[in-house]
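Any read-out appearing in this document is the output of simple, stated calculations on the displayed coordinates, not a laboratory observation. Only a predicted model underlies this, so the values are computations on that prediction, with no experimental measurement involved. Cβ sites come from the backbone with ideal geometry, for glycine too, and all protein chains shown count toward neighbours.
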Amino acid sequence: MWFLIGTLSRWALFAGLLVAVGAVAFKLVVLRRFPGFAPEEDEAGGVAPERLAARIGALAVLLAGAGALGRLAAEASIFRDPFEPLVAEVRLLVAGTSWGRAWLTQVAAVVLSGLAFALAATRGARAEFGWIAATACVALLAYTPALAGHAAGAEHFVTPAITADIFHMVAGGAWLGTLAVMAGVLYFGRRRGGSVSKRRVVDWISAFSPLALGSAAVIAVTGLFAAWLHLGAVSALWTEPYGRTLSLKLLVLLAIVGCGAYNWRRARGRVADAGDPPRLPPTVTVELSAAGLLLLVTAILTGTTPPAH
C-alpha cells in the first residue's frame, strides 16, 4: 500500500510542478510574445488569460503540496522504528536527514508559490509582483526534487546530475505544462461563458511551438545524461527493473513526441479553420493524457533503485 501511496504522491508532485512551471512559462513567453495584444483586449469570461493562468498555477501548487505530504507519509513508513513514538521518528526524519531538509525546502516553496500565484491572480501592480515572486518560488520548487532523488545519490558527478535533473524538470514543464495551461485557460474561459479570440489562440500556438521544440531538446540531452549516469550498462535497459521502467518511459515519450510533431505542423491550421469558440485539436488531449501516463511511469522510476547506485 505504501508503494502505491508513494508512487501517486510523486505523480502529484511532478504533475503539480510541471503545470506550475507551465503557468510561469505561459505568462512570460506565450503572452508576451505578441506585445500588440493587451490582456484586457481578450478576456475569457471576464477574466484575463494571465489571471486564469495564475489560478491554474495555484491549483497546480496545491496538487504538488498534496504530493509532498504523501511523500512524507510514505517515507516515514519506511524510515520509522516500530518501537519508537511516531512523532519522534517523523521529527528525526524531517530535521535530521538530508531527505527531510529537502522536503522542508519543498514545502516552503509550495507555500510561497501558492501565495505568489494568488497575488498574480489579482489586478494591477500587485499582479506583476505576484508573477515575479511566482517565477522565483517555482524555480525553487523545481530545484527540490533533485535534492532527494537519484541525482543526489549518484556515485559520481553529483552536481552535474542535480543540475541536469533541474533542467529536465523545468523543460518538461515548459513543454507539457505550458500546453496544459493553454488548454486550461481555453476550457475555463468557455465554462465562464466567454472565449479567447481565434487570432490570439493561433498566436499562442506560434509562440509555444519554439518553446516546445527547445524544451524537447533539453529533455533529450539531460535524459541521455541521466540514463548514462544511472544505468551502468546498456543491457540494464532490459535486465534491470529500473532499466525496464526507463524503457517504458522512453516508449511513452516517443508517443508524446509524435503527437507534438503533429500538433506543431497542423495545430495552427486546425484552429484557424475551425469554428468559434476556438478549441485546440483533439491530438492535444491525447498528448496531455500521454503526459499524465509519462509522469506516472516517472513516479515509478524515481522509486526504483538504479543499477549503478
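Evaluate the Debye formula for region 73-156 with equal point scatterers sitting on the alpha carbons, no solvent, and hand back log10 of I(q)/I(0) at q = 0.11, 0.18, 0.24 Å⁻¹, in q order, two decimals.
Result of the Debye calculation: -0.43, -0.80, -1.04.
Could you work out how far helix 158-172 tilts from the main Cα principal axis of the chain, as a 0 to 90 degree angle to the nearest 10?
Compared with the principal axis, the helix lies near 30 degrees.
Give me the net charge of Ala183's neighbourhood, meaning all other residues with Cβ under 12 Å from the Cβ of Ala183; Lys, Arg count +1, Asp, Glu -1. Kindly include the intermediate steps, with their values, before the conclusion.
Values: positive: Arg190, Arg279; negative: Glu287.
Local charge sum for Ala183: +1.
Around Leu294, under 15 Å between beta carbons, what's the net of Lys plus Arg minus Asp minus Glu among the other residues?
Working: positive: Arg10, Lys249; negative: Glu287.
The answer is +1.
Normalise the Cα radius of gyration of the chain by 2.2 N^0.38 Å (N = residues in it) and let me know the number. Present the calculation step by step, with values, prior to reporting the outcome.
On the way: Rg = 20.1 Å, N = 309, 2.2 N^0.38 = 19.4 Å.
Dividing the Cα radius of gyration by 2.2 N^0.38 Å gives 1.03.
Given springs between every Cα pair under 10 Å in a Gaussian network model of the chain, which of Phe208, Phe14, Phe79 has the largest fluctuation?
Phe79
Give the share of C-alpha pairs in each 5 angstrom bin for region 214-255, from 0 to the last occupied bin, in whole percents, shortest bins first.
Taking every Cα pair in region 214-255, the percentages come to 5, 23, 30, 26, 12, 4, 0.
If one computes the Cα centroid of region 186-241 and of region 246-270, what distance in Å separates the two points?
Centre-to-centre distance over Cα atoms comes out at 9 Å.
Could you tell me, in Å, what Rg and Dmax come out for the Cα atoms of region 125-250?
Using the Cα atoms of region 125-250, the pair Rg, Dmax is 18.5, 56 Å.
In percent, what relative contact order does the chain have, based on Cα pairs under 8 Å that are 6 or more apart in sequence?
On the way: 437 pairs, mean separation 74.2, N = 309.
In percent, rounded to a whole number, it is 24.
Whole number please: convex hull volume per residue, Cα atoms of region 173-309, in Å³.
Details: hull volume 13.3 nm³, N = 137.
Value for region 173-309: 97 Å³ per residue.
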